[in-house]
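**Q** Take this structure, written in structure tokens, and hold onto it; I'll ask about it next.
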């Protein structure tokens, strides 16, 4: 069962629009933070997903448009054999999908960790950075994100 603290108020949960926007921003930042792992140009679908996440945060696009960007980013992931690109694309897809369901922000963070692992970098350093950024958010959403992340981390094999 999903945590009511991570369900938008308009869907019967306790998550305010402001906090929902903050989770989109955190997921987007987690995704952007691993862009440096990519060699060469970044696929436009990944960049579009990040731009759509920013636009949703600012109230400039509707959730449906954000979801289209998410689908495109995941399409990019399916098309590549490069595990780093795959994880970054999935991270961006989840970041923008947070507009639809706030707990997708966790997917953005976990796929960013998968990208770090695939690149042979320090997962612990990335986790530390993610946690520091997460702790800047309102306390009422930090705990459910951390709890859910611990549970999901096992299935990501990180």
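Rule-based calculations on the coordinates, nothing more; no lab input. Everything numeric in this text was worked out from a predicted model, so none of it was measured. Please note: Cβ atoms are built from the backbone with ideal geometry, for glycine as well, and neighbour counts cover all protein chains shown.
**Q** In nm, give the distance between the simple-model label positions of residue 83 and residue 44, each being 7 Å from the Cα along the Cα-to-Cβ direction.
**A** Label-label distance for residue 83 and residue 44, simple model: 3.0 nm.
**Q** Quote to one decimal, in nm, the extra length available between residue 62 and residue 10 on full extension: 0.36 nm per residue of separation minus the C-alpha distance between them.
**A** 17.3 nm
**Q** Here's something else I'd like to know. Taking only C-alpha pairs under 8 Å that are 6+ residues apart, what is the relative contact order of the stretch 70-144 in percent?
**A** Numbers: 74 pairs, mean separation 17.5, N = 75.
For the stretch 70-144, the relative contact order is 23 percent.
**Q** Whole Å is fine, so just give me how far the alpha carbon centre of the stretch 84-118 lies from that of the stretch 29-53.
**A** 10 Å
**Q** I need the P(r) histogram for the stretch 103-157: all alpha carbon pairs, bin width 10 Å from 0 out to the longest distance, whole percents.
**A** For the stretch 103-157, the pair-distance distribution reads 23, 59, 17, 1.
**Q** Rounded if a/c is under 1.5, else prolate if a/b is larger than b/c, else oblate: which is the stretch 7-55, with a ≥ b ≥ c the root eigenvalues of its Cα gyration tensor?
**A** Cα axes put the stretch 7-55 in the prolate bin.
**Q** Something else: Can you give me the orientation-averaged projected area of the convex hull built on the Cα atoms of the chain, in nm²?
**A** Its Cα hull, projected and averaged over all orientations, spans 8.5 nm².
**Q** When the helices in the chain are scored as -39500 (n - 2.57) per DSSP H run of 4 or longer and the sum is shared across all residues, what 222 nm value do you end up with, to the nearest 500 deg cm²/dmol? Provide the component values of the computation, followed by the final result.
**A** On the way: 7 runs with 108 residues, N = 158.
Helix-only estimate at 222 nm: -22500 deg cm²/dmol.
**Q** How much length would be gained if the chain were fully extended between residue 142 and residue 158, taking 0.36 nm per residue of separation minus their Cα-Cα distance, in nm to one decimal?
**A** Taking residue 142 through residue 158 to full extension adds about 3.7 nm, to one decimal.
**Q** So for the chain, averaging the separation of alpha carbon pairs under 8 Å that are six or more residues apart and normalising by length, what relative contact order in percent results?
**A** Across the chain, relative contact order equals 26 percent.
**Q** Pulled fully out, how much extra length does the chain show between residue 125 and residue 75, if you take 0.36 nm times their separation in residues and subtract their Cα-Cα distance? Can you show the working numbers first?
**A** On the way: separation 50, 0.36 × 50 = 18.00 nm, distance 2.88 nm.
Going from the current span to full extension adds 15.1 nm.
**Q** Continuing with this model, one more query. Evaluate 2.2 N^0.38 Å with N set to the residue count of the stretch 44-134, then give the Cα radius of gyration divided by it.
**A** 1.05
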